[in-house]
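Novice: What follows is a structure written as structure tokens; I'll ask about it next.
The values are calculated or read from the model by the stated rules, or taken from the named source; none is laboratory data. Everything quoted here is computed from the prediction, not taken from an experiment. Virtual Cβ from ideal backbone geometry, glycine too; neighbours counted across all protein chains shown. Keep in mind that these areas ignore ligands, DNA and RNA; they rest on the heavy atoms of the full protein, side chains included. Shrake-Rupley method; radii C 1.70, N 1.55, O 1.52, S 1.80 Å.
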Amino acid sequence: MKRIGIISDTHSYWDDRYLKYFEECDEIWHAGDICSVELAERLAAFRPFRAVCGNCDGGELLKMYPKVLRFKCEDVDVLMKHIGGYPGNYDRSIIGTIYASPPQLFISGHSHILKVKFDKTLNLLHINPGAAGIEGWHKDRTLVRLTIDGSEFKDLEVITLSDNNRKNI
């Protein structure tokens, strides 16, 4: 059984609450637009860390992390890509892979829109954790936590990081 913290679209923004909310997690997964080697290294020093590069990641991050990542967690086949779309509207850059060999869990970012949706056609769970950074048009900064127990998903939580002093960008 593994407890996973999922984050995306930090855009170089660090919030100490990332560590608070990921304290009980066994791993942290970042769905791209990290935009800071220091941020990635800080998360990686805290917990085992997996990440994909997003469209705003460059330089050293491109050397550190792939654009697409596929791996096993417990008995679950996981696919991560920053720009991935969602069930019924997968991005053309990944739709062929998804349909040819559907994962059980597909994680994407990019939209800054929190979305957790089950794809009944492909029998997969899609998670976009929204955006944890302050750059972008989103109003709420969000993270997701879930437990993977064998081939089952349990205890999925959405965490909203409220910012009383945040200005709309």
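Novice: Would you work out the relative contact order for the chain, in percent, from Cα pairs under 8 angstrom that are 6 or more residues apart?
Specialist: Reported as a whole number, the value is 24 percent.
Novice: Same structure, new question: Roughly to the nearest percent, how much of the accessible area of the chain is carbon and sulfur, given a 1.4 Å probe?
Specialist: Carbon-and-sulfur percentage of accessible area, whole number: 48.
Novice: Of Asn123, Thr147, Ile107, whose Cα points farthest to the positive end of the dipole of the range 88-169 (charges on the beta-carbon: +1 Lys, Arg; -1 Asp, Glu; origin at the Cα centre)?
Specialist: Checked the options; the winner is Ile107.
Novice: Once the dipole of the chain is set up with Lys and Arg at +1 and Asp and Glu at -1 on Cβ about the Cα centre, which of Ile7, Ala51, Thr97 lies farthest towards its positive end?
Specialist: So the residue we want is Thr97.
Novice: Loop-only chymotrypsin sites (Phe, Trp or Tyr not before Pro) in the range 11-72, please: DSSP not H, G, I, E or B, and at most 15 other Cβ atoms within 10 Å.
Specialist: Trp14
Novice: Using a simple spin-label model with points 7 Å from Cα along the Cα→Cβ vector, what separation in nm is obtained for Lys139 and Glu157?
Specialist: With each label point 7 Å from Cα toward Cβ, the separation is 2.4 nm.
Novice: Any chance you could run the full-extension gain for Arg92 through Met64? It's 0.36 nm times the residue separation minus the Cα-Cα distance, nm to one decimal.
Specialist: Extra length available between Arg92 and Met64 comes to 7.6 nm.
Novice: With labels modelled as points extended 7 Å from the Cα through the Cβ direction, what inter-label distance (nm, one decimal) is found for Leu19 paired with Arg42?
Specialist: So the two model labels end up 0.8 nm from each other.
Novice: Figure the gain on full extension for Ala100 and Thr121 (residue separation times 0.36 nm, minus the Cα-Cα span) and round it to one decimal in nm.
Specialist: 6.3 nm
Novice: Further, regarding this structure: What net charge is computed for the residues neighbouring Phe106, neighbours being all others with C-beta under 13 Å from the C-beta of Phe106, Lys and Arg scored +1, Asp and Glu -1?
Specialist: Charge balance in the 13 Å sphere: +1.
Novice: Where nothing but the Cβ of Lys and Arg (+1) and of Asp and Glu (-1) is charged, how large is the charge dipole of the range 1-108 around its Cα centre, in debye to the nearest 20?
Specialist: Here the size comes out at about 280 debye.
Novice: So how far, in whole Å, is the C-alpha centre of the range 13-33 from the one of the range 70-110?
Specialist: 21 Å
Novice: If I fit a long axis through the Cα atoms of helix 37-46 and take the longest principal axis of the Cα atoms of the chain, what angle between them do I get, 0 to 90°, rounded to 10?
Specialist: Between helix and principal axis, roughly 70 degrees.
Novice: Taking amide hydrogens as modeled 1.01 Å from N in the peptide plane, which residues meet the under 5 Å criterion relative to Tyr86, leaving out close sequence neighbours?
Specialist: Those lying under 5 Å, H to H, from Tyr86 are Asp91.
Novice: State in Å² the accessible area per residue of the chain; use a 1.4 Å probe, count heavy atoms of protein chains only, and round to the nearest integer.
Specialist: Here the per-residue accessible area is 48 Å².
Novice: Given the pairs Lys2/Lys81; Lys2/Lys117; Lys67/Lys117; Lys63/Lys115, which span a C-alpha to C-alpha distance of over 27 angstrom in this model?
Specialist: Check vs 27 Å cut-off fails for Lys63/Lys115.
Novice: For the chain, the longest stretch holding no trypsin sites (Lys or Arg not before Pro) located in a DSSP loop with at most 11 other Cβ atoms within 10 Å is which?
Specialist: In the chain, the maximal stretch lacking such sites is 1-91.
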